[in-house]
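Q: Below you will find the structure I want to go over with you.
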Amino acid sequence: ETGEPPHDQKHESLEKIRKSLGDCQRCKLAKGRRNLVFGVGNPQARLVFVGEGPGGDEDRQGEPFVGEAGQVLNRIITAMGLEREDVYICNVVKCRPPDNRDPEADEIAACAPFLLRQLQSVQPEVVVALGRFAAQTLLGTKEAISKLRGKFRDYHGVPVMPTYHPSYLLRNRGDSGPFWEVWEDMTQVLRLLKLP
Ligand code: URA
């Protein structure tokens, strides 16, 4: 026992980061949003999931991954022996892109600093990047998610596991689909966390 607190209290709180976003108008997504979707879960989580951006349900409820893709993510979390409250969940962009289009480079650039501050605040032991926008934004690469997934990558000393997005799982069900690859990736995450 070193006597050190388990969590570094020097870091800024999630509340402070949320406050600094305010009624954010830093990009054009502000125009179409109902709610800014900041993040949810344990502020000291060992594991953080980063998605792409809010869909319609998330925009209405102000919480990430509460729609169909959220149900898939919840099942993944449960299958890992965890609960949604154990982890922290957020997105690359905090406001819904119109008609759920892909977030654009300027929108990601405006929002990414807040994602990075959230990660610095939570200080997770592992980050799971759900889909290509999360993986490419965190890792600063244009490589395809199919190439990135399955191996830990480094984000400022924090291991990042890129994997397929839950929406991609919904669009590709069946035995030969990407489900087992995602499960392989989550198995590696559990091993790193020494869980269960
Ligand atoms: N898809 C995402 O990437 N994020 C959400 O919050 C919901 C769906």
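The values are calculated or read from the model by the stated rules, or taken from the named source; none is laboratory data. Everything numeric here is computed off the predicted structure, so don't read it as measured data. Quick reminder, even Gly has a Cβ in these numbers, built from the backbone with ideal geometry, and neighbours come from all protein chains shown. When the accessible area is computed, the model is the full protein with side chains, heavy atoms only, and any ligands, DNA or RNA have been set aside. Shrake-Rupley method; radii C 1.70, N 1.55, O 1.52, S 1.80 Å.
Q: Inside segment 45-66, can you point out the residues that are within 6 Å of the ligand (Cβ to nearest atom) and charged (D, E, K, R)?
A: Those that are within 6 Å of the ligand (Cβ to nearest atom) and charged (D, E, K, R): Glu52, Glu58.
Q: Sticking with this one: Taking the condition of being outside any helix (DSSP H, G or I), more than 9 Å from the ligand (Cβ to nearest atom) and not aliphatic (A, V, I, L, M), how many residues in segment 67-95 meet it?
A: 5
Q: Let me ask you something else. Step by step: first the residues of segment 16-44, then only those that are outside any loop (DSSP other than H, G, I, E, B) and within 14 Å of the ligand (Cβ to nearest atom), then the one that is least open to solvent (accessible area, probe 1.4 Å). Which residue is that?
A: Result: Leu29.
Q: Are any residues in segment 45-81 among the aliphatic types (A, V, I, L, M), surrounded by 19 or more Cβ atoms within 10 Å (Cβ to Cβ) and more than 15 Å from the chain's Cα centre (by Cα), and if so, which ones?
A: Met80
Q: Kindly establish whether Asp102 is more than 11 Å from the chain's Cα centre (by Cα), within 16 Å of the ligand (Cβ to nearest atom) and open to solvent by 30 Å² or more (accessible area, probe 1.4 Å). Please lay out each step first, then the result.
A: Values: more than 11 Å from the chain's Cα centre (by Cα): yes; within 16 Å of the ligand (Cβ to nearest atom): yes; open to solvent by 30 Å² or more (accessible area, probe 1.4 Å): yes.
Taking the combined requirement at face value, the residue satisfies it.
Q: Of all the residues that make up segment 139-171, how many are away from the ligand (no atom under 16 Å from the Cβ), closer than 16 Å to Trp183 by Cβ and charged (D, E, K, R)?
A: So the count comes out to 1.
Q: Taking segment 148-196 on its own, how many of its residues are of a type in the set (Lys, Arg), in a loop (DSSP other than H, G, I, E, B) and within 20 Å of Glu83 (Cα to Cα)?
A: 1
Q: Return the pair list, or none, for Cβ contacts closer than 8 Å from residues in segment 75-96 that are touching a residue at least 24 places away in the same chain (Cβ under 8 Å) and of a type in the set (Gly, Ala, Ser) to residues that are open to solvent by 60 Å² or more (accessible area, probe 1.4 Å) and part of a loop (DSSP other than H, G, I, E, B), at least 6 apart or on different chains.
A: Once the first residue is touching a residue at least 24 places away in the same chain (Cβ under 8 Å) and of a type in the set (Gly, Ala, Ser) and sits in segment 75-96, its partners that are open to solvent by 60 Å² or more (accessible area, probe 1.4 Å) and part of a loop (DSSP other than H, G, I, E, B) give Gly81/Pro196.
Q: Please pick out the residue among Leu130, Leu193, Leu139 that is open to solvent by less than 10 Å² (accessible area, probe 1.4 Å) and within 23 Å of Asp106 (Cα to Cα).
A: Leu130
Q: Condition first: without any contact (Cβ under 8 Å) to a residue 60 or more places away in the chain and assigned to a loop (DSSP other than H, G, I, E, B). Can you find one or more residues in segment 117-138 that meet it?
A: No.
Q: Okay, moving on. Check Phe114, Phe133 and return the single one that is more than 12 Å from the chain's Cα centre (by Cα) and aromatic (Phe, Trp, Tyr).
A: Numbers: Phe133 fails: more than 12 Å from the chain's Cα centre (by Cα).
Unique residue meeting the criteria: Phe114.
Q: Only one of (1) within 13 Å of the chain's Cα centre (by Cα); (2) open to solvent by less than 10 Å² (accessible area, probe 1.4 Å) fails for Glu107. Which number is that?
A: (1)
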